[in-house]
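Structure record follows, encoded as structure tokens.
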Amino acid sequence: MKDITPIVAIPHSPSVYSVALTRGPQWMFTGGEDGMIRKYDFIASVEGKSPLTLSQRHQLVDSVHYGGVICSYWENEVPQSKQAFLSSTKVKTTTTNTGTNTSSSYYEPHLSPVYSLYAQREGHWLLSGLSNGSIALHSVRSQEGSIQWVFQQGHTSTVSALASYNDNQSFLSGGWDRKICEWDLNQGVLSRDYDGMSGQISVLEYYTGQGFMSASIDGRVCLYDIRSNANNGNGIVQIPLLKGTPPWCMGAAVSHMDGPSDCNVSSNTIVCVGRRNSTVEIWDLRKLTNNCEDQQGGATPLDILKLPPASGPVSSVSIFPPKDNGGNSQYIAVGSQDAVRVWDRNTGKCTILPGHAGGVVSQLAHDENGKFLVCASGNRGWAGKAGEMAFIYEVDGGDAKS
């Protein structure tokens, strides 16, 4: 089992809904319930440039010595029309010592909780989901935090998931309106939408340049081939809901395939689906067919990871990258209300990671090399007790001795 140790603790006044990392990782962005986007220097954080005081470390595990090095922060503002802007401008009246009344106008921005984030790999720009169904494109390198474009007329409700494989051409968005939209980054317009989901979108994740996985809160998990022209659910692979499993999926993950841009699944292509009954199903994509939503069709998962019933629903899942492109994704991180666990597929052992002390895990994210793991606590606007902390874990390159 890998040695995974928490080294950085980042307290937030609100709960953390979303996390995004750039290449390296060099920068880390967090989005909170308060409608603020925070930018951290990831390298400076893990190198200990901001050590915690003894009082700050009092309620943390002994291995946590550092705090997050925050660079900047800005509002996740909902852009308004000119008419709405003028109507939201308020007048403030003050009285001077001479008794003269003076008035001045000021503007209070309308903020949205940051339900989803996506950072361009080089950190040039950032996408954030808004509660009105729009998606804001923020500049990061130049005029940091300013909104350069707003993607509209795709969703009618909260944008809860964002993903991209080629982040200079297009990206995907999923919302509480049960829609999945594909956007053209060069044109700034909606290029395609996908049907087939029956609940609020909880997860969007690419596994090649040509295929992506989506999960919805009602438990439905689908895999799409973007080369198909069918938008009504035809031609998609669907993971069945096993008999006796409650309809619920806040967290799911698919193993990534680096190399040729095709949808041909290989031996390391698996999907991990977190369920409400404290289980994680491991599915082999090669054994799924288009008609697998028939529960009597014989489709069964490779394995089922069973957590203690008291751990609560599984809210986030992350698959560590394999040691090489042809290897297997051996380690799976699972977040639930009581703890974060890492499961070794080869040995079947499950280890509880120190640090997280309760609250729904909103997101588990790792860098492209699997050297660091980020755990954020928050209920993403859904049910469950929310925490107010994010941890950065250091992952040892070798396996720890048992």
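The values are calculated or read from the model by the stated rules, or taken from the named source; none is laboratory data. Keep in mind it's a predicted model, so treat the numbers as computed, not measured. Don't worry about glycine lacking a Cβ; one is built from the backbone with ideal geometry, like all the others, and counts go over all protein chains shown. Each accessible area value is taken on the protein alone, full model and side chains, heavy atoms only, with ligands, DNA and RNA left out. Shrake-Rupley method; radii C 1.70, N 1.55, O 1.52, S 1.80 Å.
Computed values, structure above
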read-out	value
Length added when fully stretched, Thr300-Asp218, from 0.36 nm per residue minus Cα-Cα	27.6 nm
10 Å beta-carbon shell around Ala119, net charge (K/R +1, D/E -1)	+1
Order by protection proxy (mean Cβ within 10 Å, highest first), peptides 115-126, 183-194, 311-322, 65-76	311-322, 115-126, 65-76, 183-194
Area accessible to solvent at Asp167, 1.4 Å probe radius, in Å²	10
Qualifying aspartates and glutamates (Cα of each under 15 Å from Cα of Lys371; at least 8 residues distant if same chain)	Asp3, Glu47, Asp324, Glu394, Asp396, Asp399
Sum of side-chain charges, Arg192 neighbourhood, beta-carbon under 15 Å (Lys, Arg +1; Asp, Glu -1)	-3
Efficiency of FRET from Cβ geometry, Arg141 and Asp225, R₀ 30 Å, rounded to 0.05	0.30
Scaled radius of gyration (Cα, divided by 2.2 N^0.38 Å) that the stretch 110-178 gives	1.04
